[in-house]
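Chemist: My questions will all concern the structure given below.
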Amino acid sequence: MAKTPPGPSAPASSAPYSSSPPPTGAPPAPPRAAPSLLSRVIRLVHHRWVEGGLHRALPPDLLDRITRRVAASERRHTGQIRICAEGGLPTSYLWRGASARERAVTLFGKLRVWDTEHNNGVLIYLLLAEQAIEIVADRGLARAVPPETWRTLVAHMGEAFRAGRYEDGLTQALAEVSALLAAHFPAEVGPAGAAVHGHNELPDAPVLAGDALLKE
């Protein structure tokens, strides 16, 4: 039976995690103060300036290698991994003071990472302008992995990205997410003992800003 497409709030129910998920049982965070006009303009200019370097940071040959690594990863488990990178946030996000986290959860829905047979899709999102890394895991995997594991994983990725080693950071993130998926959702084994590869539910190639899929 086909899964029901999510409404605007559905991705939030998919138990996404990022670099700083709230501790279990913690009281809700107080509302953020609205950013000042000056801070919004400064942030907007910075994002528009940085986004021009996205394709230099992630050139085609690097993307080809990452695509092959995603395909190889998915032969080890039944999960689906999508990688998405943007140089800067869309203007509407910046003007209202939205975070990389909010953008990642939105893209989790837009890229249909929620729509997998075993509810075990994972989005790895990179925002260059803020050196922000977000991981959004669907409920199947999120139920099996404690928040501390995600915090440690993202911290490791952040070290590489802050040093400008984007391929190293993405490769490490992919390897660690793959290990979690292989542990909790291993590939099925056929009668001869070989892994049985199911249907590839989502594209393996990373998605970059400018792709029609990422329109606001």
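Just so it is clear, none of the values below were taken in a lab; they were calculated from the coordinates. The structure displayed is predicted, hence computed values, not measured ones. Heads up, the Cβs are rebuilt from the backbone with ideal geometry, glycines too, and the neighbour counts pull from every protein chain shown.
Chemist: Ratio to report: Rg/Rh of segment 27-125, with Cα atoms as the point set and Rh obtained by the Kirkwood method; give two decimals.
Modeler: Result for segment 27-125 is an Rg/Rh of 1.06.
Chemist: Please list 151-160, 56-65 highest first by mean number of surrounding beta-carbon atoms within 10 Å per residue.
Modeler: Taking the mean over residues of other Cβ atoms within 10 Å, the ranking is 151-160, 56-65.
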